[in-house]
Structures are given as C-alpha cells and as structure tokens.
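Each remark here refers to the structure printed beneath this line.
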Amino acid sequence: MTFNRKITLISSEQKNGSQGKADRAVKTVYAKVSEPGVTAKYAAETAGYKSELTVYIWRREYSGQSVVQIDGKRYHVETTGAADSDLHIKLILARGG
C-alpha cells in the first residue's frame, strides 16, 4: 500500500456556549486516499452513516482524531475499521467537520 497523499488529522473540542468547536491538535501524516466502491458505500448507508472517502494510514499515527483535512476540505471521521494489515487503520470520511 502506497501512502502518497498528505492529510491533516485534527482533534477538535466543543467550546463553551455557542462558540462552536476549536481545533486543539493538528498532525500531518501520509495516507492512501480513495473513493469507496459501490458496495462499501451501500453498506455504509445501510449501517446509518455516509461514506465519501476512504483513507488508510499507519495505525500508530491515529489517536482518535475526529476531523481530517484533505486538499483544504474538511471531512468528519464517520467510523474506523480494519485494514489489510494490522499496522494500518481505515478511516471512513464524510464531508463536513
């Protein structure tokens, strides 16, 4: 698996009142980014979440971040899953974040 795209993992936290969310930790890593296939997209919708992008990164680099920024666009981490290797993790992303 080739990790050839730079992405940014962002941890955000809710601020007090109506101030919204604030980014508190940012980490840039390399990843493999792809669009999910039709079967994966259908399975995601059946399970109740959206699937716009699939990202594979090294498992040790992911520590529960909720937002991923790719090419200036922010995506919310809908769910995580197992990858082909135990050293990698798969993130399912949807627009927004």
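The values are calculated or read from the model by the stated rules, or taken from the named source; none is laboratory data. This is a predicted model, so every value here is computed, not measured. Every residue, glycine as well, gets a Cβ built from its backbone with ideal geometry; the counts of neighbours run over all protein chains shown. In case anyone asks, the SASA skips ligands and DNA or RNA and just uses the protein heavy atoms, side chains included. Shrake-Rupley method; radii C 1.70, N 1.55, O 1.52, S 1.80 Å.
Remarks
- Mean Cα-pair separation over length for the chain, i.e. relative contact order, pairs under 8 Å, 6 or more apart, %: 27 percent
- With 0.36 nm allotted per residue and the present C-alpha distance subtracted, the Trp58-Thr28 stretch has 9.6 nm of extension available.
- Helix axis angle, 38-47 relative to the chain longest principal axis, alpha carbon, degrees: 50 degrees
- Averaged over its residues, the chain has an accessible area of 63 Å² per residue, based on protein heavy atoms and a 1.4 Å probe.
- Charge context of Tyr49, other residues only, Cβ under 14 angstrom, K/R +1, D/E -1: +1
- Helical content alone sets the calculated 222 nm signal of the chain at -3000 deg cm²/dmol, taking -39,500 (n - 2.57) per DSSP H segment of four or more residues and averaging over every residue.
- Highest GNM mean-square fluctuation among Val55, Val29, Val77, for the chain modelled with Cα contacts below 10 Å: Val29.
- Sparse packing (at most 15 other Cβ atoms within 10 Å of the Cβ) combined with a DSSP loop state is found for the following chymotrypsin sites (Phe, Trp or Tyr not before Pro) in the range 21-82: Tyr49.
- Within the shell of other residues whose beta carbon sits under 11 angstrom from the beta carbon of Lys32, the net charge comes to +1, with Lys and Arg scored +1 and Asp and Glu -1.
- Placing R0 at 30 angstrom, the Cβ-Cβ distance between Leu87 and Glu45 gives a FRET efficiency of 0.55 after rounding to 0.05.
- Cα centre as origin, Lys/Arg/Asp/Glu Cβ charges: the chain dipole, Debye: 280 debye
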